[in-house]
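Notes follow the structure.
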Amino acid sequence: MSSSDAAVVDTTANPPKQPSKRGKSKETRTLTRESDSLDDRVGVMEDSVARVEERYSVISQHVGMMEDGLQAMEDSVAAAMATFRHQLEEFRRDLARRDDERKAIVEDLVTRGDEVEDLKMRVTILEKAMARGAEAKRLGLTLEKDASRIKAVNSEPRPIARVAKGVEIAIGPSDPRDGLPSLIEGGTYATLVGAELHGRVSTVHGSNVSGRAEGPNSYCPATLRGEGQGVRSWCRSRCGLQGQGTGPIAREGTTDRADGYALSLVHPISLSSSSRSTAASPSPAAAARLRHRLSAAFVVAAAAKMVKAYLRYEPALAFGVITSGDANICYDPSGRHLLAPALDKFALWDLKKGLPTTTFSPSASPSSSSHSLAIASGHADGSIRLWDCEKGTCEATLNGHKSAATVLRYNHAGSLLASGSKDCDVILWDVVGKSGEAFASAAHRDQVTDLSFIDSGKKLVTCSKDKFMRVWDLETQHCIQIVGGHHTEIWSLDVDPKERHNAEATDKVQDKWEILKQFGEIQRKSKYRVASVRFDKSGSLLACQVAGKAVEIYRVLDDSEAMRKSKRRLHRKKEKVLAKSVVEGNENGSVIDPLSSQEVQHPTIVVSDVFKFLRNLPASNKICSIAFCPNSPPKGALAVLTLSLNNNMLETHLVDSSDSSKSSKMNSVELQGHRSYIRSVALNSESNLLMSTSHNAVKIWNPSTGACLRTIDSEYGLSSCFVPGNRYALVGTKNGKLEIIDIGSGSLTEVVEAHAGPIRSIVPIPDENGSISGRGFVTGSADKDVKFWEYQILQTPDSGSKKLSVANVRTLKMNDDVLVVSISPNGKYIAVALLDCTVKVFFVDTLKYFQHLYGHKLPVFCMDFSSDGDLLVTGSADKNLRIWGLDFGDIRRSIFAHADSVMDVKFVKNTHYMFSVGKDRLVKYWDADKFELLLTLEGHHDEVSCLAVSNRGDFIVTGSHDRSIRRWDRTEEPLFIEEERGKRLEEMFDSDLDNSADNRYAPKEVVPEEGSVGVPGKKTQESLTAADVIIDALDTAEEEIKRINQYKEDQSHGQETEFQPNVLMRGHPPSDFVLHALSNVPANDVEQMLLSLPFSDALKLMSYLREWALIPDKVELVCRVCTVLLQTHHNQLTTTVAARPMLMSLKDILHERVKECKDTVGFNLAAMDHLKELMSMKSDALFRDAKATLMEIRMQQSKRTDRREINEKRKKKKHKVSAVAQAAA
């Protein structure tokens, strides 16, 4: 039994005793007394609670009063703090400006002091040299002085028979890449007498001079003898001066060093009769003669500590992009040219020739406005540029959107431009005034996808991804209608020229939007969404671009055709209903007509009656944009449609009513660019031919002009190089084949099965002197093999001509995939990068292992040797560049180079400068000796995959995944490291201004109400600069007014003083000076400039408006300034008592001036209309549209002919059906 069971048994055996009645009564009385006492206590507690609640209510009232007081105190403190911050910011700005001025003055003083000391040093040294007496006279040495420098020259050419005595020599370490121009200026000078020979000279003999050179870049070490005193000395690059012997030139056993100094590089010079000696580089023959006899001259050399300067590279040319898929294409009004976007620029294409006629680049300088065709382009930074089509220059840049512009539309007159953006805003721009006229802030809740003008340009229809359309009244600048009903995003809309129909693109094509009524939907058969809809010029065709490889063409029927089609539809419907009724039958045997007579006579037209599916227009690739040609189509066609494809190609198709299976392509533009990513680029030995490879073609370009010279069909090319002689080229493909291309004929001569995996690297084998000859080449592949090849000339048995072939001679087996191969310039070493993140170096002749370089965390994608073979640079997917020394395999420096993988790196020939490219879209220029970033080049819009450097280093070429090839040229502009570092810091500072600590606690910008109208524009550097100019002009004018008042007051007191006007005002009165500064602000930046003005300066500016309003040409500017300032500072102006008289005076005068201007403009418009009528009466304008009318008549006749043929076919078909039915009966 369990313990619980035992407990139950015990409890049952001993039951509890029952209490007695007497005890129960006592207990009841006790409980009664206790309950009474509890009731009393409860009452007392309730009274206490009531008193506590009263006290709590009183305390709550006091707390509320305290909170109100605290809130008022907080508001006052916040206002005081805002005022304090504003004053502090002004004080900081003034302090920084004064500090900059002080620094500039100090730097100028230091510079002038250095120049004075420099001139003193030059004078001292050269005067000592001139004081040598007879020796200077014997050499014919004279001293020339001018404002910039002082130097000694040979005024009389005389041979040097012996060496001058008692002359000091200062020689220090030098850099062979430093030229003479960068070493002329300095503070420490010395005089060198003797002969210098630059280059490698083994022995120099002569009657007075002999010597020996050591080192590849050393100066001529010579033994100088003269008048019984012999001196033996030699100088080595970077080693200082070493000498032995007796005499004043050098002391025995001494070594002098001067770090940071260099000896000026001077070639042997030949003296002439002119007063100035000229330096000439010796030819090889002259150098050979100098080994036996050396003619020298007196040379003044400058050794100075200098800041090293480099030469800047700048973008020069971009080619290879025909069209980009992020923007639309369109025809010009003449229909002869097509505008196609190409990344950051766009081109005007002649489709018949397949060549661009004009290229519009953002770097084009602004020009004055003209009356030629105006083009507007929207860019990813939100800016909109206006271009002159004839000049190809940018007239103005409009800044208003905060994000990328997505749609642009001109009105019919071309005076207004509407733009939509990803920031959900719609801006209406005044093209003539180049400013924003109206601004619909937050017009939609998502990206604005399309817009169009309707009602003769009085209204604007916009659509967005938020599934809504909005109709805007441009006169009242308000949204008058919101149209819903779409289930997905609206991608496009268009209005036919007659404004009968309005089509939008969503998952279905919508049609015929009246103000509040929907017309209907077109049921499409395609499963792809609609990307764009466009009407042709006549409005008779509608093109529906789907998100695929086809365009659906619909024919828009006129009213009479739509009515006939509607009647036929109702007739068929009636026949079906009657036939069904006859089959089923009725009880009384009668048949009821389902349609009324009124409905039959006046049928309701639906969408299917107006839009008739014509055909599908197939394309070779996915379509990005479409455009109808405005010209009349060829005979037998309805229209000409041009397609922009996402594979960098343009296609032009004829639209006709034939079967869709028939090809309708007229022409295409495809030769000027690759269809896919560019994987490799290579320059020939003369740098006048460029080869690029992609997935299906190899193209040969002229790098100077960007013209495509040859296009050769190929497989997926990963690597390429030119064969010595520049007649053939080699291409390594993804499937391991090696293709040999004849450049002259543009044909593929041979395909060699070289590897079992992708060939990722092809490198020619150089000679010992660094030149590329016919020794062969090396390929590296993912099949873990490095193969050595040699060239062979074979004779074809058919034609007997010779052709190039290759043969494998050696193979180096590796233990992992080979990613890249590089060979040293002297052909001694070969470096192989493997998939295990290491680089192995072998001897080329024996293929023996030499060094193992490891340190990268991810695989190495690229590497290159310097021209002297001292350095090897590697770039990896770990975003780093590593510079290695080949003597001991030590790593000189690891540099974090790019924000993403490093794709290619190349040294500039004969230097230690190098270029690197990466997936972060940047090209960077480095100094491998100082491990410094020299320059960052931006321009590509996708990852940069390949790089090529010319032999002379005067330009580089890069290829990118954006299908563009860009050339960057070296200029004569000097480049300094410190300046570039400062520029990069300034750019970082400007980019972080919005997130700076000063603005951290600033109030956030209020989000505008959806559909509200505000001032267009955004804050730019130009608008901030303009605001500073206006503030300075206001301060200058205010000081001038005070001086004028003081002068008048002095005159009133009888003080005769002459007033000296401020020369900064250029003779203008204060009001005219401020007006001149305001008129120079670009029209697009006026609003943002006014928004940047403090309230105090805004009041100063408004005080001039009454005077400016009297000038007829400035009424519009005065109204714009007054409107913006009133909207911006409305609250402050209403609370400022001193501003009320000024506002009242403006109210009285502005209305009158605006009315006068309006009357003047109306009178001029009426006069122009009258002149237009007079000119039309005297001209032959009535016959100008004869051709268009004739084409319209022909089109109507062709439509009638088509209808007759269709009716005849239907009659024949009915006749056959009836004949078959009779035969069956």
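Taking (1) closer than 21 Å to Lys828 by Cβ; (2) open to solvent by 40 Å² or more (accessible area, probe 1.4 Å) in turn, Gly869 satisfies each apart from (2).
Could you list, in sequence order, all residues of the range 667-697 that are within 26 Å of Trp789 (Cβ to Cβ) and open to solvent by less than 20 Å² (accessible area, probe 1.4 Å)?
Passing the criteria: Ile678, Ser680, Val681, Ala682, Asn684, Ser687, Leu690, Met691, Ser692, Thr693, Ser694, Ala697.
Going through the range 98-124 one residue at a time, which ones are aliphatic (A, V, I, L, M) and touching a residue at least 60 places away in the same chain (Cβ under 8 Å)? Across the range 98-124, the qualifying residue is only Met121. Only one of these conditions is not met by Ile700: (1) open to solvent by 40 Å² or more (accessible area, probe 1.4 Å); (2) in a strand (DSSP E or B). Which number is it? Every condition holds for Ile700 apart from (1).
Checking Glu89, Glu27, Glu74, Glu67 one by one, the residue that is surrounded by 10 or more Cβ atoms within 10 Å (Cβ to Cβ) and at pLDDT below 70 is Glu27 and no other.
Restricted to the range 639-652, and to residues there that are open to solvent by less than 10 Å² (accessible area, probe 1.4 Å) and closer than 15 Å to Leu614 by Cα, the residue that is farthest from the chain's Cα centre (by Cα) is Ala639. In the range 1143-1159, how many are over 15 Å from Lys1114 (Cβ atoms), of a type in the set (A, V, I, L, M, F, W, C) and over 47 Å from the mean Cα position of the chain (by Cα)? Counting residues in the range 1143-1159 that are over 15 Å from Lys1114 (Cβ atoms), of a type in the set (A, V, I, L, M, F, W, C) and over 47 Å from the mean Cα position of the chain (by Cα) gives 1. Within the range 750-772, can one find any residue that is within 41 Å of the chain's Cα centre (by Cα), more than 18 Å from Gly736 (Cα to Cα) and of a type in the set (Gly, Ala, Ser)? Scanning the range 750-772, I find at least one residue that is within 41 Å of the chain's Cα centre (by Cα), more than 18 Å from Gly736 (Cα to Cα) and of a type in the set (Gly, Ala, Ser), so the answer is yes.
Hey, does the range 1024-1046 have a residue that's in a loop (DSSP other than H, G, I, E, B) and surrounded by 14 or more Cβ atoms within 10 Å (Cβ to Cβ)?
Checked the range 1024-1046: no residue is in a loop (DSSP other than H, G, I, E, B) and surrounded by 14 or more Cβ atoms within 10 Å (Cβ to Cβ).
For Pro825, the conditions (1) without any contact (Cβ under 8 Å) to a residue 40 or more places away in the chain; (2) outside the structural domain of Val698 (by the TED database); (3) part of a loop (DSSP other than H, G, I, E, B); (4) within 41 Å of the chain's Cα centre (by Cα) all hold with the exception of (1).
From Asp887, Asp864, which residue is within 23 Å of Glu938 (Cβ to Cβ), outside the structural domain of Ser719 (by the TED database) and open to solvent by 10 Å² or more (accessible area, probe 1.4 Å)? Before you say what the answer is, go through the steps one by one.
Numbers: Asp887 fails: within 23 Å of Glu938 (Cβ to Cβ).
Unique residue meeting the criteria: Asp864.
Out of (1) within 16 Å of Ile1149 (Cβ to Cβ); (2) open to solvent by 70 Å² or more (accessible area, probe 1.4 Å); (3) among the basic types (Lys, Arg), what's the single condition that is false for Lys1114? With (1) within 16 Å of Ile1149 (Cβ to Cβ); (2) open to solvent by 70 Å² or more (accessible area, probe 1.4 Å); (3) among the basic types (Lys, Arg) applied to Lys1114, the lone miss is (2). Of all the residues that make up the range 841-879, how many are closer than 21 Å to Met903 by Cβ and among the charged types (D, E, K, R)? Within the range 841-879, residues that are closer than 21 Å to Met903 by Cβ and among the charged types (D, E, K, R) number 4. Here the helices (runs of 4 or more DSSP H) wholly within the range 1054-1109 that include at least 2 residues being at pLDDT below 85 and open to solvent by less than 70 Å² (accessible area, probe 1.4 Å) are 1086-1091. Within the range 807-822, take every residue that is hydrophobic (A, V, I, L, M, F, W, C) and within 44 Å of the chain's Cα centre (by Cα) and give me the one that is surrounded by the fewest Cβ atoms within 10 Å (Cβ to Cβ). That would be Met814. Taking the range 903-916 as the range and being out of contact with any Ser or Thr (no Cβ under 6 Å at 6 or more places or on another chain), assigned to a strand (DSSP E or B) and open to solvent by less than 50 Å² (accessible area, probe 1.4 Å) as the test, the residues that pass are Asp904, Tyr913, Met914, Phe915, Ser916. Consider the range 773-794 and keep the residues that are surrounded by 17 or more Cβ atoms within 10 Å (Cβ to Cβ) and among the aliphatic types (A, V, I, L, M). The one that is farthest from Ser692 (Cα to Cα) is Val786. Just one of (1) among the basic types (Lys, Arg); (2) farther than 17 Å from Ser625 by Cβ; (3) modelled with pLDDT of 85 or more fails for Lys549. It is (2).
For the range 917-934, taking the residues that are in a strand (DSSP E or B), open to solvent by less than 10 Å² (accessible area, probe 1.4 Å) and aliphatic (A, V, I, L, M), the one that is farthest from Gly959 (Cα to Cα) is identified as Leu934. Within the range 969-992, at least one residue is open to solvent by 60 Å² or more (accessible area, probe 1.4 Å), of a type in the set (Asp, Glu) and part of a loop (DSSP other than H, G, I, E, B).
Conditions tested, residue by residue: (1) in the same structural domain as Val407 (by the TED database); (2) over 29 Å from Tyr528 (Cβ atoms); (3) outside any loop (DSSP other than H, G, I, E, B).
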| site | (1), (2), (3) |
| --- | --- |
| Leu451 | yes, no, yes |
| Gly457 | yes, yes, no |
| Thr462 | yes, no, yes |
| Trp472 | yes, yes, yes |
| Cys479 | yes, yes, yes |
| Ile482 | yes, no, yes |
| His486 | yes, no, no |
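Answer yes if at least one residue in the range 741-759 is closer than 16 Å to Leu683 by Cα and either in contact with a Cys (Cβ under 8 Å, 6 or more places away or on another chain) or basic (Lys, Arg) (or both), and no otherwise. No, there is no match, as no residue in the range 741-759 is closer than 16 Å to Leu683 by Cα and either in contact with a Cys (Cβ under 8 Å, 6 or more places away or on another chain) or basic (Lys, Arg) (or both).
Do we have Gly855 as under 28 Å from Asn951 (Cα atoms) and either in a loop (DSSP other than H, G, I, E, B) or open to solvent by less than 20 Å² (accessible area, probe 1.4 Å) (or both) here? Taking the combined requirement at face value, the residue does not satisfy it.
The values are calculated or read from the model by the stated rules, or taken from the named source; none is laboratory data. Since this is a predicted model, take the numbers as computed values, not measurements. Because the Cβ atoms are built from the backbone with ideal geometry, glycine has one as well, and the counts that use them run over all protein chains shown. Heads up: the accessible areas ignore ligands, DNA and RNA and are worked out on the full protein's heavy atoms, side chains in. Shrake-Rupley method; radii C 1.70, N 1.55, O 1.52, S 1.80 Å.
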